[in-house]
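> Got a structure for you, questions after.
The values are calculated or read from the model by the stated rules, or taken from the named source; none is laboratory data. Bear in mind that the values here come from a model prediction, so they are computed numbers and not experimental data. Ideal geometry is used to build each Cβ from the backbone, glycine not excepted, and the neighbour counts take in all protein chains shown.
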Amino acid sequence: MSEKWYVISNITLWIVVIFQTILILYLGRLVGQFLNRFRIRENKQIEEKSLAVGQKVPVFQKNSMEGKTLVVPSDAYEYTLLLFVSNTCSSCKELFKKMPDVINKYDINYIFVSSEILDSSMMQSSSNAHFIVSADIVEDFFVHTAPYILLIDKLGEIKHIADLSNFGELIMKLDSILEQELVNV
């Protein structure tokens, strides 16, 4: 009888050890992913990774919600405007209401990117724009807030970045960015 309990306790102990090993490896992976979001600058300050003006964007090819394959950067347009948006963002909802005026004003490629499927009412307001649902793209571009706007030239270089929560400022910034860039062409 004691041999039976001895075998059962050994098996139970090995199951617990294997479970703890898997748990430690999983937690180590999570900590590694968390720490990869940061970088140390020359002055020993820690900051979250982000893209900067002048950098090349990560190249991606993704199908839009309309079924069209989109490639960024695109040779078809001089500029591409990537707008990272969210369903829960109140500034984004206002942005969708006002975007048709901006889209009609400038002949550039407009791509809305979200990590979740957007409301159909939001998408209908911007008929000449493309919509992509991809958490990977949001992560690759280090986007942490919405709305977040990147103006990219056809070579893939970031020309301007807007990270604003106030809608009025966002539209004014967008207007000035596009006017300035298209005048320089």
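> Among the numbered criteria (1) crowded, with 19+ Cβ neighbours inside 10 Å; (2) touching a residue at least 60 places away in the same chain (Cβ under 8 Å), which single criterion is violated by TYR106?
Of the numbered conditions (1) crowded, with 19+ Cβ neighbours inside 10 Å; (2) touching a residue at least 60 places away in the same chain (Cβ under 8 Å), the odd one out for TYR106 is (1).
> Sticking with this one: Would the stretch 47-67 turn up any residue that is of a type in the set (S, T, N, Q), closer than 17 Å to TYR148 by Cβ and either at pLDDT below 80 or loosely packed, with under 14 Cβ neighbours inside 10 Å (or both)? Walk me through how you get there before you give the answer.
Narrowing the stretch 47-67 to residues of a type in the set (S, T, N, Q): 50, 55, 61, 63-64.
Checking the rest, the ones that are also closer than 17 Å to TYR148 by Cβ come to 50, 55.
In the following step, the residues that additionally are either at pLDDT below 80 or loosely packed, with under 14 Cβ neighbours inside 10 Å (or both) were identified as 50, 55.
Yes, because at least one residue in the stretch 47-67 is of a type in the set (S, T, N, Q), closer than 17 Å to TYR148 by Cβ and either at pLDDT below 80 or loosely packed, with under 14 Cβ neighbours inside 10 Å (or both).
> Report every pair of residues separated by at least 6 positions or lying on different chains whose Cβ atoms are under 7 Å apart, first residue within the stretch 59-76 and under 20 Å from GLU116 (Cα atoms), second part of a loop (DSSP other than H, G, I, E, B).
LYS62/SER134; LEU70/SER64; VAL72/VAL57; VAL72/VAL59
> Could you figure out which of (1) at pLDDT below 80; (2) touching a helix residue (DSSP H, G or I) at 6+ places or on another chain (Cβ under 7 Å); (3) assigned to a strand (DSSP E or B) isn't true of VAL113?
Looking at each condition in turn, VAL113 falls short on (1).
> I've got another one for you. Can you work out which of the residues in the stretch 77-86 that are within 14 Å of the chain's Cα centre (by Cα) and assigned to a loop (DSSP other than H, G, I, E, B) is farthest from ASP119 (Cα to Cα)?
First pass over the stretch 77-86, keeping only residues within 14 Å of the chain's Cα centre (by Cα): 81-86.
When the remaining residues are screened for being assigned to a loop (DSSP other than H, G, I, E, B), the result is 85-86.
Details: VAL85: 11, SER86: 10 Å.
Ranking the qualifying residues of the stretch 77-86, first place goes to VAL85.
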